[in-house]
1. Report the dimensions of segment 46-172 along its three principal axes from the alpha-carbon atoms, largest first, rounded to Å.
2. With n ≥ 4 as the cut-off for DSSP H runs, can you work out [θ] at 222 nm for the chain, using -39500 (n - 2.57) per run divided by the number of residues, rounded to the nearest 500?
3. Tell me the angle of helix 317-333 to the major Cα principal axis of the chain, expressed in degrees between 0 and 90 and rounded to the nearest ten.
4. May I ask you to derive the FRET efficiency for residue 250 and residue 286 from their Cβ-Cβ distance with R0 = 45 Å, giving the value to the nearest 0.05?
5. Counting DSSP beta bridges in the chain, what percent are antiparallel, to the nearest 5?
6. What is the Rg over Rh value, at two decimals, for segment 111-248, using alpha-carbon atoms and the Kirkwood definition of Rh?
7. For the chain, find the longest principal axis of its Cα atoms and tell me its angle to the long axis of helix 147-165, 0 to 90°, nearest 10.
8. Along the Cα→Cβ direction, 7 angstrom out, place labels at residue 73 and residue 195. What is the inter-label distance in nm?
Ligand code: NAD
Ligand code: UD1
């Protein structure tokens, strides 16, 4: 199949492109490098031994999109492109509403023009807000606590309305839990600029000495060791979930949301100690105040993805920690 991947130079997108190429799909990528580099493509080509057709441009630019669709007969789209920093979205909400919403609307318009009706969308567990119980099921009530999360919820609503307007559409909305890890080659991974907001990227910078210590946001939550519990999922498992979602949208119409996680809750201290143990390295940390907006625990029930997508995660927390460390060490050598 010929699959268009928006945001394919980014963290999850680049891993997904590798998996798509490995099973023989033709892949076309659009990215504007607002949060990635063109060197992703060299790494993807080295890993896969295949070339990616790539267009530099903005998904919100309708004439650019029409040009891409007119050159290739696209069977389905995976839409990763968007901004994702929660804190920045609170400071600059319009930047987030503009990029995340407008790019999605333009994409849907051009897909309809070119009669391409199959889309896999990157949603997030953030749409569950503060869940009423655990593990989280797809039919839980939805709410958000920041503009980034609201863009995800609004896009889910848009997809639901668009699907109701024309029965040709097929949408899979993948609600990711906490992706970490990197490709086992150590050539692609997550490498945020500046001080990271998320836990694993922060641990990675402490592991290389770029940051002196980890600040753990609270140890007085109602969790086994008092630190926050999340469902960390290896990015390669997550990438493989997109291949299953593509199969699903080719065979079904309508709109479906799927949780992609492991189903296991892991505390901040569990993650830190596993990282230390498997990589034979010390991660100094201090306990600080809770971070505003954080919840105590969040983990998925992935039964629906298992039953309908025939997907399940397979990589361990140890592999997530080893692969993250291998990637950050490789980056340092460059
Ligand atoms: P990322 O920032 O690494 O990748 C996004 C890519 O999209 C980047 O390469 C960026 O340059 C590109 N991009 C952004 N806006 C664009 C536009 N208008 N036109 C063209 N390219 C554009 O992020 P990621 O971690 O790979 O996340 C991918 C998607 O998954 C995002 O939509 C994100 O919100 C969602 N998501 C991520 C996480 C996570 O923890 N990483 C969790 C839940 C959901
Ligand atoms: C955060 C976002 C969420 C987004 C997700 C993936 C917030 C409030 N939530 O989720 O919307 O979908 O990232 O991008 O920003 N922690 C520390 N020290 C740190 C960093 C994190 O102790 O330096 C703790 C947090 O308190 C939490 C856990 O580590 O308990 C995971 O944090 P993080 O990686 O930021 O992910 P989420 O909070 O789940």
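1. The Cα atoms of segment 46-172 stretch 47, 34, 33 Å along the principal axes, largest first.
2. Working: 11 runs with 127 residues, N = 334.
Computed ellipticity for the chain at 222 nm equals -11500 deg cm²/dmol.
3. 80 degrees
4. Working: r = 50 Å, r/R0 = 1.11.
Efficiency, rounded to the nearest 0.05: 0.35.
5. Counting DSSP beta bridges with both partners in the chain, the antiparallel share is about 5 percent.
6. Details: Rg = 18.0 Å, Rh = 17.7 Å.
Dividing the radius of gyration by the Kirkwood radius yields 1.02.
7. 30 degrees
8. It works out to 5.4 nm between the two label points.
Every read-out reported here was derived from the displayed coordinates using simple, explicitly stated rules and does not represent laboratory data. The model shown is predicted, which means the values in this text are computed figures rather than measured ones. Quick reminder, even Gly has a Cβ in these numbers, built from the backbone with ideal geometry, and neighbours come from all protein chains shown.
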